[in-house]
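Structure first, then comments.
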Amino acid sequence: MKYSKATNYALHTMVHLTMEPKGQAVSVDQLAYMQDLSPTYLSKILTKLVKAGLIESVPGAKGGYSISRRAQDISFLDVIEAVEGQSVLFNCGFDHDESECLIEGVMIEAEGNMKKELAERTIQSIAERIEKRQCHETKKEK
């Protein structure tokens, strides 16, 4: 199983936006530069995040993007589903005499466990870990 690169970029973008001061918008050019991406490509990802209500687009000369909800209320699953959609990962393609494919049952249960774990992990928790690491590294340098 593999998520698209767009999901990777979306998660990194969300963490970065979370670490910005409240109300601070970041331009698509800045976000793209930090991830070594084309602004056009990143704009497509940002559009999905806006449609999902995770970020907002701020118009104007000092505009850009900022998170639209509290970061502690945004899960990894929210971001993944905004980019990848909500379709199931496994569908049994065989016709079975049984009422249910046993293999599909195992896969659905595993996917449910994975979604539960991703729903419990917040963007805020990662931003806090990064901030602690940066603070620790700054103290080491002194």
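The values are calculated or read from the model by the stated rules, or taken from the named source; none is laboratory data. As the structure is a computational prediction, the values presented were derived from the model and not from experiment. Neighbour counts are summed over all protein chains in view; Cβ atoms, including those assigned to glycine, are modelled from backbone coordinates with ideal geometry. Protein only, heavy atoms only, side chains kept; ligands, DNA and RNA dropped before computing areas. Shrake-Rupley method; radii C 1.70, N 1.55, O 1.52, S 1.80 Å.
Set the Förster radius R0 to 41 Å, insert the Cβ-Cβ distance between Leu118 and Asp95 as r into 1/(1 + (r/R0)^6), and round the FRET efficiency to 0.05. List each step's numbers first, then the result.
Numbers: r = 32 Å, r/R0 = 0.78.
The formula returns an efficiency of 0.80 here.
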- [ ] Enter the angle in degrees (range 0 to 90, nearest 10) between the Cα long axis of helix 102-120 and the first principal axis of the Cα atoms of the chain, meaning the one along which they spread out most.
- [x] 20
Open item on the list: I'd like the orientation of helix 39-51 relative to the chain: the angle between its Cα long axis and the longest Cα principal axis, in ° from 0 to 90, rounded to 10.
Closed with: 70
TODO: For the chain, give the percent of accessible area contributed by carbon and sulfur heavy atoms, probe 1.4 Å, rounded to a whole number.
DONE: 52
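Express the accessible area of the chain per residue in Å², computed with a 1.4 Å probe while the remaining protein chains stay in the model. It would help to have the intermediate numbers written out before the result.
Details: 9850 Å² over 142 residues.
Per residue, the chain has 69 Å² of solvent-accessible surface.
For the chain, the longest stretch holding no chymotrypsin sites (Phe, Trp or Tyr not before Pro) located in a DSSP loop with at most 16 other Cβ atoms within 10 Å is which? Intermediate results must be reported in sequence, preceding the final value.
Details: sites that count: Tyr3, Phe90, Phe94.
Longest gap between qualifying sites, sites excluded: 4-89.
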Open item on the list: If the rule is a partner Cβ under 4.7 Å, which cysteines in the chain fail it?
Closed with: Cys135
Task: Rounded to whole Hz, the Karplus (6.51, -1.76, 1.60) HN-Hα couplings of region 17-22, x for glycine and proline - done: 5, 5, 7, 6, x, 3
Open item on the list: Could you work out [θ]222 nm for the chain from helices alone, using -39500 (n - 2.57) per DSSP H run of at least four and dividing by all its residues? Round to the nearest 500 deg cm²/dmol.
Closed with: -18500 deg cm²/dmol
Task: Entries in Lys2/Lys132; Lys62/Lys132; Lys51/Lys115; Lys5/Lys44; Lys51/Lys132 that, when Cα-Cα distance is taken, lie over 24 Å - done: Lys2/Lys132; Lys62/Lys132; Lys51/Lys132
Open item on the list: If the only charges are +1 at each Lys and Arg Cβ and -1 at each Asp and Glu Cβ, what is the size of the charge dipole of the chain around the Cα centre, to the nearest 20 debye?
Closed with: 1140
TODO: Enter the mean projected area of the convex hull around the alpha-carbon atoms of the chain, in nm², rounded to one decimal.
DONE: 11.3
TODO: With unit charges on the beta carbon (Lys/Arg positive, Asp/Glu negative), name the residue among Gln30, Cys101, Leu118 whose Cα is farthest towards the positive pole of the charge dipole of the chain.
DONE: Gln30
TODO: Please list the non-local residues whose amide H lies under 5 Å from the amide H of Gly63, H modeled 1.01 Å from N, same-chain partners needing a gap of 5 or more.
DONE: none
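For the chain, which longest stretch is free of loop sites, where a loop site is one of the GluC sites (Glu not before Pro) that DSSP puts outside H, G, I, E and B and that has at most 14 other Cβ atoms within 10 Å?
Values: sites that count: Glu98, Glu100.
Longest stretch, sites excluded: 1-97.
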TODO: Sort Asp95, Asp73 from largest to smallest accessible area, using a 1.4 Å probe on the heavy atoms of the protein chains.
DONE: Asp95, Asp73
- [ ] Would you calculate the separation in nanometres between label points at Ser27 and Glu128, each defined as 7 Å from the Cα along the Cα-to-beta-carbon direction?
- [x] 3.4
